[in-house]
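J.: Here you go, one structure.
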Amino acid sequence: MLVSIMLFLFVGCSEQKLIPYEDENGLSGYKDPNGRVVIAPKYIFAEEFSKYVIAPVCDEIRGWIYIDCHDNFVIKPYYIKNNNDYDRFSEGLARYEEDGKIGFFNEKGAIVIEAKYEFASPFKNGLAAVGKNVEFVNNRTG
């Protein structure tokens, strides 16, 4: 029975194309194709849902997070401080941060590499540079 309920929820999400919109206060939420509000406007930014039915939104308190079509939290992507953005997918994976460590999740929001690195670059050509026990040093002089 639980599998049937979960399947129904997933199918309901995948069949329903949610469209980001902005209200008169500048907050973003989602409507269905008929214009009915499905997720109330409460986000600073809201981007389109992926084919795997997760979407990045910027929450005033939590910053960038991914939600599902029922407005449930999925995962918090790695925050890129120097441009106030979140880590985008590269080769089907994106970085996330947990307890000061970096790992990777897939386009469905599932963790595929647990957060255990102090440093991790995005994947390119099937590889990502990662580091453990990294010490960051500022070499700027003058």
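The values are calculated or read from the model by the stated rules, or taken from the named source; none is laboratory data. It should be emphasised that the depicted structure is a prediction, and the values quoted were computed from it without experimental measurement. Cβ sites come from the backbone with ideal geometry, for glycine too, and all protein chains shown count toward neighbours.
J.: Between a residue in the stretch 61-72 that is in contact (Cβ under 8 Å) with a residue 40 or more places away in the chain and any residue that is of a type in the set (Gly, Ala, Ser) and in a loop (DSSP other than H, G, I, E, B), which pairs come within a Cβ distance under 7 Å, given they are 6 or more apart or on different chains?
T.: 66/109
J.: When both residues are 6+ apart or on different chains and their Cβ atoms are under 6 Å apart, which pairs have a first residue that lies in the stretch 109-136 and is under 26 Å from residue 49 (Cβ atoms), and a second that is acidic (Asp, Glu)?
T.: Between residues of the stretch 109-136 that are under 26 Å from residue 49 (Cβ atoms) and residues that are acidic (Asp, Glu), the close pairs are 115/98; 123/91.
J.: Can you tell me which residues in the stretch 44-56 are part of a strand (DSSP E or B) and under 16 Å from residue 105 (Cβ atoms)?
T.: 54, 55, 56 - these are the residues of the stretch 44-56 that are part of a strand (DSSP E or B) and under 16 Å from residue 105 (Cβ atoms).
J.: Could you grab me the full set of residues in the stretch 16-74 that are among the polar types (S, T, N, Q), at pLDDT below 95 and surrounded by 13 or more Cβ atoms within 10 Å (Cβ to Cβ)?
T.: Hits for the stretch 16-74 are 16, 50.
J.: I've got another one for you. Give the residues of the stretch 25-45 that are touching a residue at least 12 places away in the same chain (Cβ under 8 Å) and polar (S, T, N, Q), sorted by residue number.
T.: 25, 28
J.: Related question: Quick one: how many residues across the stretch 85-142 are in a strand (DSSP E or B) and either more than 13 Å from the chain's Cα centre (by Cα) or of a type outside the set (D, E, K, R) (or both)?
T.: 25
J.: Quick one: in the stretch 66-84, of everything that is assigned to a strand (DSSP E or B) and farther than 26 Å from residue 134 by Cα, which residue is nearest to the chain's Cα centre (by Cα)?
T.: Checking each candidate, the answer is 66.
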